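Data first, discussion second: the structure below is written as structure tokens.
The values are calculated or read from the model by the stated rules, or taken from the named source; none is laboratory data. Quick caveat, the model's predicted, so the values are computed rather than measured. When we count neighbours, we look across all protein chains shown, and the Cβ atoms used for this are built from the backbone with ideal geometry, even at glycine.
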Amino acid sequence: MEADATSGTDGPLAGITVVALEQAVSAPMCTRTLGDFGARVVKVENPRGGDFARHYDDVVGGLGAHFVWLNRGKESVALDLKSQAGMDILLRLLDRADVLVSNLSPGTTAKLGVCPADLAVSHPGLLAVEIDGYGAGGPLSHKRAYDLLAQAESGACAVTGRPGQPAKPGPPVADVCSGLYGALSVMALLHGKGRGQDVPASVAVSLFDTMTELMGYPLTYTRHSGVEQQPLGMSSPAVSPYGAYATADGQTVVLGTTNDREWDRLARDLLGRPDLAEDDRFRSNAGRVEHRAVLDAEIGAWCARHALAEVQDRADVAGIGNARYNTPREVLVHPQLAARDRWREIDTPSGPVPALLPPPVLDGYDPPMGAVPALGQHTDAVLAELGLSAGEIDTLRRQGAVR
């Protein structure tokens, strides 16, 4: 399929076409990431409402914030896949595609006839990526899974929050990281194909497997110690001192040490307390973790006597990692984002809005940062590419097979 104006033309994935049967966050993150590197992404949506993330809220001029975040640069083709005509068009799209990404409910791609086993026969050159909740072959494989459910099932909520007050990590990390693992897998397989290797034709990523991977430290610790470490809010059970402290001007500074040398500098050079540096209780990280409350009280008392700027300036001089606790409103005007020109303007059906550049910075390459599509905005153009006439498209629209 020819590149659309919304796609990059000079990225490392230029010339790659991705068809997406996606909704919510995980698969849209996967395909948006591929689009950021120049792939063309054709998003197939239900004519009746489309991706339900379009309507989670209406804060972006009537569009959902999740949808605007994850769907820039894509082409929306509205097909009724319950109709034979809609399925025929999907199969014709796949004839010209390199990758199919999906995160539909369990068993849906099999019912549609486009699961990896089906595609291995009908479209043997196509890479199929399926993102699901729990992976195949287990007692939970049939269940729907959303970000919160995967985080709860994997234990992530038990290591977040405070003792007796579990919490879900704010960002949808199960969805986002599963999408990124999917995109990474696609890139690896495309690379292998490009070198003439015999690569697998499908990739399966589950939210649960992703979260148990992210839980690697607490799972390893508990397996070998028998201890379930308790969550510490804005701190970590693994190291000390490492946490948030109120300052004299009503702000919050976050200070972190990760080794004995940093702790020694924090005690001597920042706090001016060589006695703490020489205290046998605090010479090792294990000891500092055991006596965390004592250290937090000492550091908290010192921070409470100094303004945030002074704490951070002195921490920088001492070589101590530090940060300011910010709210989302403050991050929107963060000087680091402004100084590095990280904001761009993208088009949406309700007008231009700011959007952040993707995290990877490629020398000499500007990510496409294309428009967020209206539902079915590209149906006519994409169907015309497939060879359908205006009259045929009108007939399909009257039949309800397309929008």
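Just a few scattered comments:
Here is a yes/no grid of residues against (1) more than 14 Å from the chain's Cα centre (by Cα); (2) more than 27 Å from ALA65 (Cα to Cα); (3) assigned by TED's automatic domain parsing to the domain that holds SER105:
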residue: GLY155; (1), (2), (3): yes, yes, yes
residue: ALA158; (1), (2), (3): yes, yes, yes
residue: ALA167; (1), (2), (3): yes, no, yes
residue: PRO172; (1), (2), (3): no, no, yes
residue: CYS177; (1), (2), (3): no, no, yes
residue: TYR181; (1), (2), (3): no, no, yes
residue: LEU184; (1), (2), (3): no, no, yes
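- Hits in the stretch 246-267 (condition: part of a strand (DSSP E or B) and under 29 Å from the mean Cα position of the chain (by Cα)): THR252, VAL253, VAL254, LEU255, GLY256
- Matching residues in the stretch 179-213 - criterion: being buried (at least 21 other Cβ atoms within 10 Å of the Cβ) and in contact with a Phe, Trp or Tyr (Cβ under 9 Å, 6 or more places away or on another chain): ALA183, VAL203, VAL205, SER206, LEU207, PHE208, THR210
- Residue count for the stretch 326-356, restricted to those that are among the hydroxyl-bearing types (Ser, Thr, Tyr) and surrounded by 10 or more Cβ atoms within 10 Å (Cβ to Cβ): 2.
- Number of residues in the stretch 346-365 that are on the phi < 0 side of the Ramachandran plot and touching a residue at least 24 places away in the same chain (Cβ under 8 Å) equals 11.
- Those helices (runs of 4 or more DSSP H) of the stretch 92-210 in which at least 1 residues are in contact with an Asp or Glu (Cβ under 8 Å, 6 or more places away or on another chain) and closer than 12 Å to SER26 by Cβ, considering only elements entirely within it, cover 147-154, 173-194.
- Taking first residues from the stretch 200-215 that are under 13 Å from VAL173 (Cβ atoms) and partners that are of a type in the set (Asp, Glu) and in a strand (DSSP E or B), the Cβ contacts under 8 Å between residues at least 6 apart in sequence or on separate chains come to LEU207/ASP132.
- Positions within the stretch 357-403 being in a strand (DSSP E or B) and exposed (fewer than 13 other Cβ atoms within 10 Å of the Cβ), in sequence order: none
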